[in-house]
1. For a quick check of understanding: with a 1.4 angstrom probe and all protein chains in place, what accessible area in square angstrom does GLU23 have, to the nearest ten?
2. Can you pull the Rg over Rh of segment 84-128, Cα-only, Kirkwood?
3. Distance in nm between label sites at ALA99 and ARG18, each 7 Å beyond Cα in the beta-carbon direction?
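The values are calculated or read from the model by the stated rules, or taken from the named source; none is laboratory data. Note that this is a predicted model, so its numbers are computed, not measured. Cβ sites come from the backbone with ideal geometry, for glycine too, and all protein chains shown count toward neighbours. The accessibility values were calculated without ligands, DNA or RNA, using every heavy atom of the protein model including side chains. Shrake-Rupley method; radii C 1.70, N 1.55, O 1.52, S 1.80 Å.
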Amino acid sequence: MHDPASSGNDFFRCDFCRRGWSEDLPMVEGHKGSLVCSRCLSAAWVVVTAAGGVGGVGGAVAAGDAGAAGAAGAAAGGSACTMCLEHRKGPVWESPLFAGSVICLRCVKQAARALEKDPESGWRRPGAAEGAVGTVGGDGDEEDEDDHL
């Protein structure tokens, strides 16, 4: 997100935690200036991909799952992905801090590939072996259907 009340690096803020961009906090940009920072991406990765879609606030839920507990269940059924602006089936992660800020599985995977390919970011998928890139789902270069931000 872009914060018009701020200047410099603080102008660029993560849509999921509202932290400002810094050299030690790389971000990936989605549609219309949406941003996810490496910390939120790590949290989303663990919950959405590694944890297999466990529900709850800040957890992953299947889109449209009205039975999921907490704000994540309500947001998943009613909010589009903050990064791609699409309503997608499958697990999403909602920020535990800002209701309605959700990221879909496809965007989590795509943002993970982008940060891993940037050697200056130093980011790796949580649980990835030392030196491994794209350990979940192959080498990280394959695309899911309609896998474009």
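1. 150 Å²
2. Dividing the radius of gyration by the Kirkwood radius yields 1.02.
3. 1.5 nm
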